[in-house]
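Asker: Handing you this structure, nothing more for now.
All of the numbers you see were taken from the coordinates with simple rules; none came from a lab. Nothing here was measured: the structure is a model prediction, and the numbers come from that model. Backbone-built Cβ (ideal geometry, glycine too); neighbour counts: all protein chains shown.
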């Protein structure tokens, strides 16, 4: 008779062995995860970001020419769009004509100053001449007054001397008034020159503004990168402020990871980071913690929560953390703004 106890014993021990292996593996996995969690902070609430420069039209006009294709790599300063600038050129010509008129007005004002100065000099000479005549007439009058008292001259001669003195006094008063008027006219002429120069400066500012507006008809790339989100076509009329396209920076990609506030205790700038993009998970991208947001994401939302209303429910908030990427150009060229990534920060 065969002994069946040994096979049955082996069958009973097999499940126990498998269970032991599973328990040991689970324990090892759990311990490994626990040790890993002591030195790492992970999140999958992260994405690649980049500097995006929206390009808007600063003047209204019709689109004459588009010199780029969607998603084309462009360099800062490249001319990408040309607007119809004929109206702007006419305005520049009008402003330049106003400058010429203002410059001519200055010449006229300066000529008036020269004339006024000459008139003032003549009036001053006339005043001095009148003073001399007054002095002579006064001397004659005084002498004749003594002579008439002694009856050495006739009354008619005295009256003539007196009339001469009164006439000289009147001429001096008239010359003095004329000198004051000429001096005032000279001052006014000088002020007119200043006014004309101010008008010229204003007209020159109009020319500069017209040139600036004309330059806006040529739209260039504000940064180097990929020109995307093209919203215009040839012949389309655009108003000032109309979005035309956007430039996505080609060499400034970074990661924004939204960590829970409870994960930031040991986190600080400069810590190493491992990044795995969902698009190519086998690639391990390195980076460093660059900066922390000054507020939670909820505070930057369109309608931030207000706990003072009484509807308070405690929710763990998330803090955006900027991570600088240290990768080869090949990998950087693969990254696109908005890609989902997983990050792991090695903490002390």
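Asker: Quick check: the angle from helix 86-149's long axis to the longest principal axis of the chain, C-alpha only, nearest 10 degrees?
Answerer: Here the helix axis deviates by roughly 30 degrees.
Asker: Please state, rounded to one decimal and in Å, the Kirkwood hydrodynamic radius that the stretch 253-346 gives when every pair of distinct Cα atoms enters the mean of 1/r.
Answerer: After inverting the mean inverse Cα-Cα distance, the result is 14.7 Å.
Asker: Against the longest alpha carbon principal axis of the chain, how many degrees, from 0 to 90 and to the nearest 10, is the axis of helix 155-215 turned?
Answerer: So the helix axis and the longest Cα principal axis differ by about 20 degrees.
Asker: Once you have the Cα-Cα distance between residue 125 and residue 38, take 0.36 nm times their residue separation minus that, and quote the gain in nm to one decimal.
Answerer: Numbers: separation 87, 0.36 × 87 = 31.32 nm, distance 10.34 nm.
21.0 nm is the gain from fully extending residue 125 to residue 38.
Asker: Please rank 224, 25, fewest neighbouring Cβ atoms within 10 Å first, as an exposure proxy. The partial results should precede the final answer.
Answerer: On the way: 224 16, 25 10.
Fewest-to-most ranking of 224, 25: 25, 224.
Asker: To continue, here is another question. Please compute the contact order of the stretch 253-346 in relative form: average sequence separation of alpha-carbon pairs under 8 Å and at least six residues apart, divided by the residue count, as a percent.
Answerer: On the way: 151 pairs, mean separation 43.5, N = 94.
Answer for the stretch 253-346 is 46 percent.
Asker: For Cα extents along the principal axes in Å, pick the label among (1) 60, 52, 45; (2) 54, 50, 34; (3) 195, 50, 42 that corresponds to the value derived from the coordinates.
Answerer: (3)
Asker: Tell me the mean residue ellipticity at 222 nm calculated for the chain from its helices only (DSSP H runs of n ≥ 4, each -39500 (n - 2.57), averaged over every residue, nearest 500).
Answerer: Details: 4 runs with 166 residues, N = 348.
One gets -17500 deg cm²/dmol as the mean residue ellipticity at 222 nm.
Asker: If I take all pairs of Cα atoms in the stretch 189-232, what percentage of them are more than 11 Å from each other? Don't jump to the answer; show the numbers that get you there.
Answerer: Working: 713 of 946 pairs.
In whole percent, the long-distance tail amounts to 75.
Asker: How would you order 231-239, 334-342 from highest to lowest mean count of nearby Cβ atoms within 10 Å?
Answerer: Working: 231-239: 12.6, 334-342: 16.7.
The most tightly packed comes first, giving 334-342, 231-239.
Asker: Kindly express, to the nearest 10 degrees and within the range 0 to 90, the angle between helix 5-39's C-alpha long axis and the longest C-alpha principal axis of the chain.
Answerer: The answer is roughly 10 degrees.
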